[in-house]
Amino acid sequence: MRRSALHEQPLSVLAWETTRRCPLKCQHCRGAARNVPYSGELSTDEGKRLLASIATRAKPILIFTGGEPMAREDIYELARTATDLGLRAVMSPCGPLLTPETVQRLRESGIKRISISLDGATAQTHDAFRGVPGIFDDALRGLGHAIAGGLEFQINCTVTKLNVGELPQIAELAKQLGAAALDFFFLVPTGRGSELRSVEISPQEYEAALEWIARAAAKSPMRIKTTCAPHYVRVARRVWKETGAPPTRPGMPPPANGCMAARGFVFVSHVGELQPCGFFDRPCGNLRDHGLDFWKIYDTSPIFSDLREPDDYHGKCGACEYRFSCGGCRARALAETGDYLDPEPGCAYVPGQDPPMPKPAAGHPHTRPHP
């Protein structure tokens, strides 16, 4: 059986949806989360066993996400466990639950960084997208407590037709706030996001947005990156070749990488289902069915194995010279056609236009994530 070097990629980032409960009503929510208790979520003990299993072979960045992870009363205990096991624990709260007291507890539990989403440069844009009036101000208020408490943060932003014209203003706001990084997420139409196809940007708008991001990243003192935009690798390569060397920071990998789903990144759902990423709406194995043994699923999932063989991708993605470094968004392909190996529908590139790229060896920088 043919095995590409991507089969040997170490686990670098894991996102655990600790709960699906959430007070927001975000238009793009992959889980269509509601502010109600969800049954069947991993217990404190099960969560600790999951973390211990992961730590036997890897020490990835662990993202405590949701829903609203701070809705779990045991979140500080779980974060402390992850930290004691040597995992780099970070968290993506909504913002309103950040107070001077909770910020202190997060720091004491070992949380190294939080991410706060701002999907517009103004309350009007952000609140409309997040579905709750006043949530922009609430997020900034919570962020103020994090800043005062010395907790490092980054800003996340989901790019759609509703805010693509505000990217420069959003970047400036993140810079003024003192963010360690700005991460532009590109909409994947799953969950409630499946109803947002009308605001999903076109492949041409996608190219233009990625080019702007690459140029901004090359000159910004703040780290600017992308998520769910694997062809940023290709666009950034071209832009940085024109403008000079790509932006680098000491000890950090190159600031552009492709689809990491099952290729260094894994998502664990609130009920213990492993998925290549949170937007890839197809379970690949439940932890409870495997004695909370994370690696048993990670190593044997047929879907994970498929995603690690870009030569087998269909259409232009399988023929593209960027198939190993980019790979196309597999979740977007799944949402569009029902086949996760199909071509990335958001990419306008025609294979063969750029010089060939070699297949990466295991651990190659193009397949390593951002810290």
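Do you know which of the residues in segment 277-301 that are of a type in the set (D, E, K, R) and more than 17 Å from Leu42 (Cα to Cα) is farthest from the chain's Cα centre (by Cα)? Among those residues, the one meeting the criterion is Lys296. Selection within segment 203-239: residues that are charged (D, E, K, R) and in contact (Cβ under 8 Å) with a residue 60 or more places away in the chain. The member of this set that is surrounded by the fewest Cβ atoms within 10 Å (Cβ to Cβ) is Arg238.
In the set (1) among the polar types (S, T, N, Q); (2) free of Cβ contacts under 8 Å to residues at least 40 places away in the same chain; (3) within 29 Å of Gly264 (Cβ to Cβ); (4) surrounded by fewer than 20 Cβ atoms within 10 Å (Cβ to Cβ), Thr81 fails one condition alone, (4). Scoring Tyr322 on the criteria (1) in a loop (DSSP other than H, G, I, E, B); (2) in contact with an Asp or Glu (Cβ under 8 Å, 6 or more places away or on another chain); (3) surrounded by 15 or more Cβ atoms within 10 Å (Cβ to Cβ); (4) at pLDDT below 90 leaves a single failure, condition (4). None of Gly150, Gly142 is touching a Ser or Thr at 6+ places or on another chain (Cβ under 8 Å), within 27 Å of Thr102 (Cβ to Cβ) and outside any strand (DSSP E or B) except Gly142.
Within segment 309-319, the only residue that satisfies the criterion of being part of a loop (DSSP other than H, G, I, E, B) and either in contact with a strand residue (DSSP E or B) (Cβ under 9 Å, 6 or more places away or on another chain) or buried (at least 23 other Cβ atoms within 10 Å of the Cβ) (or both) is Tyr313. Close contacts from segment 91-113, counting a first residue that is more than 15 Å from Arg141 (Cα to Cα) and free of Cβ contacts under 8 Å to residues at least 60 places away in the same chain and a second that is buried (at least 18 other Cβ atoms within 10 Å of the Cβ) and of a type in the set (S, T, N, Q), with Cβ to Cβ under 7 Å and a gap of 6+ residues or different chains, come to Ser109/Thr83; Gly110/Thr83. Looking only at segment 118-139, residues that are in contact (Cβ under 8 Å) with a residue 60 or more places away in the chain, under 22 Å from the mean Cα position of the chain (by Cα) and not in a helix (DSSP H, G or I) come to 1 in all. Just one of (1) charged (D, E, K, R); (2) within 30 Å of Glu211 (Cβ to Cβ); (3) modelled with pLDDT of 95 or more fails for Arg107. It is (2). Within segment 260-295, being in a helix (DSSP H, G or I), touching a Gly at 6+ places or on another chain (Cβ under 9 Å) and either crowded, with 16+ Cβ neighbours inside 10 Å or small (Gly, Ala, Ser) (or both) holds for one residue alone: Leu287.
Regarding segment 350-359, can at least one residue be identified that is farther than 26 Å from Ile63 by Cα, modelled with pLDDT of 90 or more and assigned to a loop (DSSP other than H, G, I, E, B)? Taking every residue of segment 350-359 in turn, at least one turns out to be farther than 26 Å from Ile63 by Cα, modelled with pLDDT of 90 or more and assigned to a loop (DSSP other than H, G, I, E, B). Can you tell me which residue in segment 110-132 is farthest from Glu152 (Cα to Cα), limited to those that are at pLDDT 90 or above and of a type in the set (S, T, N, Q)? Residue satisfying both the conditions and the ranking: Gln124.
The values are calculated or read from the model by the stated rules, or taken from the named source; none is laboratory data. For clarity, every value in this text was computed on a predicted model and none was experimentally measured. We place every Cβ from the backbone using ideal geometry, glycine too, and count neighbours over all the protein chains shown.
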